[in-house]
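The values are calculated or read from the model by the stated rules, or taken from the named source; none is laboratory data. The structure displayed is predicted, hence computed values, not measured ones. Here the Cβ positions follow ideal geometry from the backbone for every residue, glycine too, while neighbour counts run over all protein chains shown. Only protein heavy atoms, including side chains, enter the accessible area calculation; ligands, DNA and RNA are left aside. Shrake-Rupley method; radii C 1.70, N 1.55, O 1.52, S 1.80 Å.
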Amino acid sequence: MLTPVHLQYVSSQLSWTLTSDKEQITQASYQVQFSCSDTFDKLLWDSQTVSDMSSVCVPYGGPPLPPGEEICWRVRVIDNAGEESGWSETAQFINGLAPGDWQARFITPDTDEDAAQSAGKLLRRTFSLDGEVARAIVYVTALGLYELHINGVRVGEDLLTPGWTEYNKRLLHQSYDVTPLLRKGDNAVGAMLGAGWYKGDLAGWIGRRNIYGRHTALLMQMTVRLTDGREVCVFSDADWRCSDGPVLYAELYHGESYDARLARAGWNTADYDDVGWTPVRVMEHTTDTVTPQDGPTVRRQEVLPVQSLICTPAGENVLDFGQNIAGWVRFRVNGQAGQRVVLRHAEVLDRDGLFYTANMRSARNEIVYTLKGDGEEVFEPHFTFQGFRYVQVVEFPQTIEPEQFEAVVIHSAMERTGWFSCSDERLNQLHHNILWGLKGNFVDVCTDCPQRDERLGWTGDAQVFARTATYLMDTRIFFQKWLRDLRAAQYENGGVPFVVPDVLSGQFPPGDVISNADPVTGWGDAAVINPWTVYVAYGDKGLLAECYESMKAWVEYIRTLATDGLLWNTGFQLGDWVALDAKEGSYYGATATDLIATAYYAHVTRLLSRAAHVLGNEEDASHYAALRTDIGAAYADEFFSRTGRLVSPTQTAHILSLAFDLTPEAFKPRIVKDLLSLLDASNGHLTTGFLGTPYFCQVLADNGCLREAYELLLKDDYPSWLYQITKGATTVWEHWDGIKPDGSMWSADMNSFNHYAYGSVGEFLYRVIAGIDTDPEQVGYRKLVIRPRPGGGLTHASAAVMTPYGRAESSWRIDGSEHFRLNVTVPHNTTAAVTLPDGAQHVVGSGRYDFTCTLSH
């Protein structure tokens, strides 16, 4: 039976997948309908029958959708065999408000003195409805963080709303259908506000707060449609009242202090007596920057039990949850009023088995809960999160029982799309660690780490990990949201800041390297690499078009810095960050920074040319293709000797020269040989940092060195990916030697144990070991490439990727020493080019297939 499922509407683009009990199925035509009613009696748009195979990122072709309405849409299709599906199940979304649609005003409970404080505040208002409720939708955002309540019930499941954006230019609002929460008669709406990213501590190592503003504020607009057709609107305005609450302190880095004795029972209900509450203040703050939610919100994702209760040699009571996460602890407790629960969080224990927090730097990561003392109390924080595996129970008013505690995992709500397993359990653990690195760092913004006083959207980390991220989870709209903030933060000259949202520019004292430095290669290149990666993984031409001018501005910015517009050899660079070939005490790798900068300049210029071609801008495509050719020639003249020797004798220099196709064809054999020599000189270990590591295994595999690629991947002594696993890692580390072989720590200064950049090797697991990729000419898996390349002594491997068209699978096994068996699943409306290890090739349509061949030795 032919059925369209998994309908998705993103940025005026429609996607669906096909299910069918037949094989070799493609879509021949489709019809889409939009309506404000799930009966579809009055249509906003009917595409009529469109003869087209497109089922991913199909442009919405109707009139502008009415703001503030719940929109319903459906699709039906006809396949290549002439079978017609019925209408799909109805998909729904709330179309948010445009800036000009806001009648509400920002209201604040804060006084001038509150700018330096981080307490939570309560706001409330009552209103009456003189009829039965047919439909009610609320639109809400805040300066700071908010929780919204109606008639005593928390609205929605989203956390840390409204999220973190480039607030001065983009402030997201969320929309909720609250029909079931309202009733005829008296009603109440309440909100709790916290400092959050808006006015709280950010970039804690430089001691800054109030970066965006000094006061928290609420903006809320609710439209209630009664059954008799009348409409009632409730706004945030001067009629609201405010009060202090039980959240005495809440900071993202430092934790939360909550006094349950100060909780105001029923504060968010209509019959609560708010005598003593004070009027709010209406703020003169624009709504022009307020825009609908355009990325996945943060939500609770998993709950982990305590694995063990440890008493350390120092007598510390420590809970081990068995997994390094981002989130918080939820606990149950009984005690007397005034007694406290105090929890501290850490990623690791030190070599003596003691609770280790030095790498948190100034982040306190502490939860303090004061009991009200009337039976069992359950608590989890409101406006903070921690990065941790271990929790020290500093104070607890009763015997500590592990069952009283559970870890709540939070991250942006993205569907998991990638699964990998093989015969080597160490690689399975590595994949696990990479996945959990994504979970821990995709908390509304792709942060560098979730635990210390940083947690910033470093652009370099995001670009090197982007392709791996698209295998693991559906990151399309996550990156869409983040790239919109990147464009909002981009400087007028085209430069891109180190972090997005940008909270570093202008925050450092004069003379500091970050304050005075121009944007740098490998980091600013996210402006080009990330949109292109999203296009390749999802076929999202709309986002590519949206980002095109930003991509172009970055390349043109580099050209203004480059000598003769070709060699980027000016200004400060971060280079191959924290590479092991750096000088003692330095974070900067040994690879010449002008080589790295020019290599990336060539790379993003080529991607820009390809983007221009995809978008039909052939003049730009030709122009930037020619510029890429000129950069490549200048690179060869500057960095290669006449005999093909690279002037920078490092692994990273050779890797980038090969990865970005900057090695003249005649020199390739030598460069590959020299790379192997450098690898051999380090006893087969990598010495690369953030910019060289992501391409290492792939470069080896693509240049006839598959055996060496596997050997590098499978090393388990220091430094290597698997070395971390021998030390008990459950996420990827920031440093190869975060914990040294003798058990000591690399440094307390900058030593995260959940830092996903080196997890970029995950792409190799999927593309090479399992062999799943997208054809570069038919991106978004419109045509799959299945080309497993076994090695490393593995006897079996399998992977599945939930592509935009459906689930693709590649699973292989070696029987005996020579017989290779491959099972492939190809989703409907796609084809796949399958290449076996013996070179045999097959092109197949949707369905399941088995292939065999004999391996050569």
Could you tell me how many degrees, from 0 to 90 and to the nearest 10, lie between the Cα long axis of helix 459-472 and the main elongation axis, the longest principal axis, of the Cα atoms of the chain? 90 degrees
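Using DSSP to define loop residues, name the trypsin sites (Lys or Arg not before Pro) in the stretch 544-621 whose beta-carbon has at most 16 other beta-carbon atoms within 10 Å.
Loop-located and lightly packed - Lys583.
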Computed label-point distance, nm, for sites Met1 and Arg154 using a 7 Å Cα→Cβ extension: 3.8 nm
Taking GluC sites (Glu not before Pro) as exposed when DSSP calls them loop (any state but H, G, I, E, B) and at most 16 other Cβ atoms lie within 10 Å, what is the longest stretch of the chain free of them, the sites themselves excluded? 585-776
Rounded, prolate or oblate: pick one for the stretch 339-441, where a ≥ b ≥ c are the square roots of the eigenvalues of its C-alpha gyration tensor, a/c under 1.5 means rounded, and failing that, prolate if a/b is larger than b/c, else oblate. prolate
Using a 1.4 angstrom probe, figure out how much accessible area the stretch 451-543 has per residue, in square angstrom, rounded to the nearest whole. 22 Å²
Cα gyration tensor, the stretch 295-380 - rounded (a/c under 1.5), prolate or oblate: oblate
What 222 nm value per residue comes from the helices of the chain, counting each DSSP H run with n ≥ 4 as -39,500 (n - 2.57) and dividing by all residues, nearest 500 deg cm²/dmol? -6500 deg cm²/dmol
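Got a number for carbon plus sulfur as a percent of the stretch 172-331's accessible area, 1.4 Å probe?
So the carbon and sulfur contribution to the accessible surface is 47 percent.
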With Cα atoms, 0 to 90° folded angle of helix 618-639 axis to the chain main axis: 60 degrees
Can you work out the accessible area per residue across the stretch 80-188, with the rest of the protein chains kept in place, probe 1.4 Å, in square angstrom? 38 Å²
Along Cα→Cβ, 7 Å out, is where each label goes; now give me the distance between the ones at Asp815 and Thr831 in nm to one decimal. 3.0 nm
Euclidean distance of C-alpha centroids, the stretch 92-166 and the stretch 259-320, integer Å: 14 Å
Give, as a single signed number, the net charge of other residues whose beta carbon lies under 11 Å from the beta carbon of Arg214, with Lys and Arg counted +1 and Asp and Glu -1. -2
Report the Cα centroid-to-centroid distance between the stretch 457-475 and the stretch 555-575 in angstrom, as an integer. 25 Å
Could you give the C-alpha radius of gyration of the stretch 457-576 expressed as a fraction of 2.2 N^0.38 Å, taking N as the number of residues it contains? 1.06
Portion, in percent, of the accessible area of the stretch 1-144 that falls on carbon or sulfur, probe 1.4 Å: 46 percent
Cα-centred dipole magnitude for the stretch 628-715, charges only on beta-carbon of K, R (+1) and D, E (-1), debye, nearest 20: 160 debye
Leaving ligands, DNA and RNA out of it, work out the accessible area of Thr470 with a 1.4 Å probe and give it in Å² to the nearest 10. 10 Å²
When each of Lys541/Lys715; Lys552/Lys673; Lys439/Lys727 is checked by Cα-Cα distance, pairs over 29 Å: Lys541/Lys715; Lys552/Lys673
Percent of accessible area on the stretch 418-531 owned by carbon and sulfur, 1.4 Å probe? 48 percent
Compute the angle between helix 425-441 and the longest alpha-carbon principal axis of the chain, please, reported from 0 to 90 degrees and rounded to the nearest 10. 40 degrees
Students often get this wrong, so check it: of Lys169/Lys481; Lys199/Lys481; Lys184/Lys372, which have C-alpha atoms separated by over 23 Å? Lys184/Lys372
Rg and Dmax of the stretch 137-217, Cα atoms only, in Å: 14.7, 52
Shape descriptors of the stretch 602-748 over alpha-carbon atoms, Rg and Dmax in angstrom, are 18.3, 59
Compute the distance in nm between two label points, each set 7 Å from the Cα along the Cα-to-Cβ direction, one at Val282 and one at Thr629. 6.4 nm
Over the chain, what lengths in whole Å, largest first, do the semi-axes of the equivalent ellipsoid take, defined as the square roots of 5 times the eigenvalues of the alpha-carbon gyration tensor? 44, 35, 28
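How long are the three semi-axes of the equivalent ellipsoid for the stretch 801-857, computed from the Cα gyration tensor as the root of 5 times each eigenvalue, in whole Å, largest first?
24, 11, 8
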What is the distance in Å between the Cα centroid of the stretch 763-830 and that of the stretch 641-697? 28 Å
Any idea of the accessible area per residue across the stretch 787-857, 1.4 Å probe, to the nearest Å²? 44 Å²
Mean projection of the alpha-carbon convex hull of the stretch 384-454 over all orientations, in nm²? 7.2 nm²
A student applying the Cα gyration tensor rule (rounded when a/c is under 1.5; otherwise prolate if a/b is larger than b/c, oblate if not) would label the stretch 23-79 prolate
For every other residue with a beta carbon closer than 12 angstrom to the beta carbon of Ala626, add +1 if it is Lys or Arg and -1 if Asp or Glu, then tell me the sum. -1
Lys and Arg at +1, Asp and Glu at -1: neighbours of Thr605 with Cβ under 14 Å from its Cβ sum to 0
Taking the Kirkwood radius as the inverse of the mean 1/r across Cα pairs, report the Rg/Rh of the stretch 748-857. 1.06
What are the principal axis extents of the Cα atoms in the stretch 362-408, in Å, biggest first? 34, 21, 19
Once all protein chains are kept in place, Lys169 shows an accessible area at probe 1.4 Å, nearest 10 Å², of 120 Å²
